[in-house]
Amino acid sequence: AQSVSQHNHHVILSEAASLELGCNYSYGGTVNLFWYVQYPGQHLQLLLKYFSGDPLVKGIKGFEAEFIKSKFSFNLRKPSVQWSDTAEYFCAVNAGSGGYQKVTFGTGTKLQVIP
Amino acid sequence: DAGITQSPRYKITETGRQVTLMCHQTWSHSYMFWYRQDLGHGLRLIYYSAAADITDKGEVPDGYVVSRSKTENFPLTLESATRSQTSVYFCASSDPPIRLEQFFGPGTRLTVL
């Protein structure tokens, strides 16, 4: 069964600091990868996605993620965080082909940005 | 505006009562999902539906019932609510193969006393 690990449960950064959130998955086949963001009191929104092609994916609000197949990783990065980036971030993996493609979410990483 | 709506947004009920959470989407997406979000567990899939009249269990289906008579609606019913079902419930939709990402509703915060 596929699984997703987000090792950092809670991250605290000062504004302008660089961010990297880890995401590792376990699935040997073709995967589609996502990062979602959940701002306080809101629903999940798609931040970025990787299906194929360039393993460096750029998303909204200056976020990017790099797919490293050999490491089964899809880490999220941002060079300089802002207070408004305070949110919970979820990595998700969609694997399989045809029919229902099971999506597995990580347990999330809460990011707190201090002004 | 197009999107996913959920109702009610907040609900307090008592143990043993039946509760139905509503989900409505205007995109005509084929797939719809119900998740619960609990601290330390992230999002766990309860049920999903690939199309009208096609539903299947997810990771934590016990105590829940779903139906999908119309593409746009996907209600979730707690037949006899228990305290362990206190959670935030999110409905989502997707439209593979074009739209693999899921679009989420605003959530329903359910408290079972």
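The values are calculated or read from the model by the stated rules, or taken from the named source; none is laboratory data. This is a predicted model, so every value here is computed, not measured. Here Cβ is always computed from backbone atoms with ideal geometry, including for glycine, and neighbour counts include all displayed protein chains.
A few comments on the model shown:
- Check on B:Leu21, modelled with pLDDT of 95 or more, buried (at least 16 other Cβ atoms within 10 Å of the Cβ), under 14 Å from the mean Cα position of the chain (by Cα) and hydrophobic (A, V, I, L, M, F, W, C): yes
- One residue stands out among those in segment A:14-38 that are within 14 Å of chain B (Cβ to nearest Cβ) and assigned to a loop (DSSP other than H, G, I, E, B): the one that is modelled with the lowest pLDDT, which is A:Thr30.
- Filtered residues of segment B:95-110 (kept if assigned to a strand (DSSP E or B) and under 15 Å from B:Ser49 (Cβ atoms)): B:Asp95, B:Gln102, B:Phe103
- In segment B:58-70, the residues that are at positive phi reach residues that are polar (S, T, N, Q) with C-beta atoms within less than 8 angstrom, at least six apart or across chains, in these pairs: B:Gly63/B:Ser80; B:Gly63/B:Thr82; B:Gly63/B:Gln85.
- Breaking point among (1) of a type in the set (Asp, Glu); (2) over 28 Å from A:Leu48 (Cβ atoms); (3) touching a strand residue (DSSP E or B) at 6+ places or on another chain (Cβ under 7 Å), for B:Glu59: (2)
- So B:Ser30, is it modelled with pLDDT under 95, of a type in the set (Ser, Thr, Tyr) and either surrounded by fewer than 20 Cβ atoms within 10 Å (Cβ to Cβ) or within 19 Å of B:Thr15 (Cβ to Cβ) (or both): yes
- Matching residues, segment A:74-97, being of a type in the set (Gly, Ala, Ser) and at pLDDT 95 or above: A:Ser80, A:Ser84, A:Ala87
- Any hit, segment A:53-67, residues being free of Cβ contacts under 8 Å to residues at least 24 places away in the same chain and under 30 Å from B:Ser7 (Cα atoms): yes
- Selection of strands (runs of 3 or more DSSP E) fully inside segment A:42-112 by the criterion of at least 1 residues being away from chain B (no Cβ under 14 Å) and in contact with a Ser or Thr (Cβ under 8 Å, 6 or more places away or on another chain) returns A:64-68, A:73-78.
- Check on A:Val4, over 12 Å from the mean Cα position of the chain (by Cα) and within 26 Å of B:Gly107 (Cα to Cα): no
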